[in-house]
1. Which of (1) open to solvent by less than 50 Å² (accessible area, probe 1.4 Å); (2) of a type in the set (V, I, T); (3) modelled with pLDDT of 85 or more is the odd one out, the single condition I146 does not satisfy?
2. Checking V158 against (1) closer than 21 Å to V72 by Cβ; (2) touching a residue at least 40 places away in the same chain (Cβ under 8 Å); (3) not in a strand (DSSP E or B), which test does it fail?
3. Suppose the filter is small (G, A, S) and open to solvent by 40 Å² or more (accessible area, probe 1.4 Å); does A57 pass it?
4. Of all residues in region 165-178, count the ones that are more than 9 Å from V72 (Cα to Cα), of a type outside the set (A, V, I, L, M, F, W, C) and in contact (Cβ under 8 Å) with a residue 60 or more places away in the chain.
Amino acid sequence: MLSLNLPSQAAGPIRRPLGGGRVGPIRVRGWGRPRRRRAFTLVELIITLGILGTLAAIAIPRYHSAVVRHRVELAAQRIAADLDLARRTAIARGETVAVQFLPQTSSYTSADAGFAVDLRQSPYGISAMLVKDEADGTHEISFDAIGQVTVAGGTLAVHVEVHGVERTVTYTAAARRSTIQ
């Protein structure tokens, strides 16, 4: 009989390159077939601009109304703070301090406390101011040396408006403070 001595394939360990990658030619970026660049198509661009336009159409009126509400609230808070300042100034100095409102110019002033505010200017931009009191058109509120308020009828109401949004600052002699409604 004839016997063949052929070498076995399992005769030694299997050799693989380090890292377990495949053996073959190394590819370098930029060599070989050029890569195709992706860009936006005209349809994608038009859809994106349509979505942005819709969002802007919703957001701009809401932003405008928020700005208007903020302006009228800011004007009302400024009036209340200045009335409180006039009262504290009267107590600190021990003398009468008066604040005079001028609705025709949407402003108010106090020479005694040292301020003059025009509410038509930025950041307030109010469109109308109405002052209600029992006085004969002077629209003045005074604080004496102990902080007591003297206003005709005991109440002063200052109404401010910006593009239809309104707030009223009321100062009553009994409460000794301003309230914003």
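1. For I146, the failing item is (1).
2. (3)
3. Numbers: small (G, A, S): yes; open to solvent by 40 Å² or more (accessible area, probe 1.4 Å): yes.
Taking the combined requirement at face value, the residue satisfies it.
4. From region 165-178, those more than 9 Å from V72 (Cα to Cα) are 168-178; that's our starting set.
Those still in the list that are of a type outside the set (A, V, I, L, M, F, W, C) too: 168, 170-172, 176-178.
Still in the list and also in contact (Cβ under 8 Å) with a residue 60 or more places away in the chain: 168, 171, 176-178.
Counting residues in region 165-178 that are more than 9 Å from V72 (Cα to Cα), of a type outside the set (A, V, I, L, M, F, W, C) and in contact (Cβ under 8 Å) with a residue 60 or more places away in the chain gives 5.
The values are calculated or read from the model by the stated rules, or taken from the named source; none is laboratory data. Note that the coordinates shown come from a computational prediction; the quantities given were computed from them, not determined experimentally. Positions of Cβ are generated from backbone atoms using ideal geometry, with glycine treated the same way; all protein chains shown enter the neighbour counts. Heads up: the accessible areas ignore ligands, DNA and RNA and are worked out on the full protein's heavy atoms, side chains in. Shrake-Rupley method; radii C 1.70, N 1.55, O 1.52, S 1.80 Å.
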